[in-house]
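One structure is given here, and the rest of the page talks about it.
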């Protein structure tokens, strides 16, 4: 009886901090189960061994910030049956997308002694701005349990069971008192995608929107509420320009409050 052929899994890194790849390793026991179900063909954070494509599933971490990466992502797409982006960098351009609001040439001239040696694009953009993406998993970093769920779903040819509600729902599920209502603490929870388990509000801190915008977020209403609480325009802009600054709802709202 022949051996069952396992799907080939590849993990790719672009401009990022490697945090989402580390989240895969952090799965520990769950990762052993995944490793038993797939052939991990390319995973730089875990092994130097690389098996040639094509690949059944590719997990892509990081944003596109260089001409070289803009070409390389097309090669990854062509060699992948399914392409799943993981983390804020891959889904929204990441924290490095703060460059998109300024002139990147000014930054390179300040930081580097020889800016002419630096090959970089004017903007940091999401993977989906360059190639078709089959699924996006948000977070900075991604939730390891959601990552396992996504992999399990695609291996079993079903839809991933990932919640689309806001962090506020997670607060209610944990029995948290609303930090905005009870303490007047500015919080991005009402417009932020669930996934962190309401980590910051559970410690009486406002949400920092690590998981990016939820579906159809009412960012204008939330910004108005912050203004009523005495938050200045510059702080509203700063709140929307975090890990997911170039996600369209956050980008557009931040631009409304620039002075």
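The values are calculated or read from the model by the stated rules, or taken from the named source; none is laboratory data. Computed from a predicted structure; not experimentally measured. So basically every Cβ, Gly included, is an ideal-geometry build from the backbone, and we count neighbours across all protein chains shown.
Observations, loosely collected:
- The residue that is surrounded by the most Cβ atoms within 10 Å (Cβ to Cβ), counting only those in the stretch 114-144 that are assigned to a strand (DSSP E or B) and on the phi < 0 side of the Ramachandran plot, is 142.
- Residue in the stretch 35-54 that is closer than 20 Å to residue 145 by Cβ, over 24 Å from the mean Cα position of the chain (by Cα) and assigned by TED's automatic domain parsing to the domain that holds residue 142 present: yes
- Qualifying residue in the stretch 204-215 (condition: without any contact (Cβ under 8 Å) to a residue 24 or more places away in the chain and not assigned by TED's automatic domain parsing to the domain that holds residue 96): no
- Qualifying residue in the stretch 101-112 (condition: in the same structural domain as residue 80 (by TED's automatic domain parsing) and under 28 Å from residue 35 (Cα atoms)): no
- Cβ-Cβ under 7 Å pairs, at least 6 apart or on other chains, the stretch 182-200 side surrounded by fewer than 16 Cβ atoms within 10 Å (Cβ to Cβ), far side in a helix (DSSP H, G or I): 197/170
- Residue 6 vs. criteria without any contact (Cβ under 8 Å) to a residue 24 or more places away in the chain and either assigned by TED's automatic domain parsing to the domain that holds residue 215 or surrounded by fewer than 22 Cβ atoms within 10 Å (Cβ to Cβ) (or both): no
- Residue in the stretch 224-237 that is buried (at least 22 other Cβ atoms within 10 Å of the Cβ) and part of a helix (DSSP H, G or I) present: yes
- Residue match in the stretch 66-84 (condition: buried (at least 17 other Cβ atoms within 10 Å of the Cβ), in a strand (DSSP E or B) and touching a helix residue (DSSP H, G or I) at 6+ places or on another chain (Cβ under 8 Å)): yes
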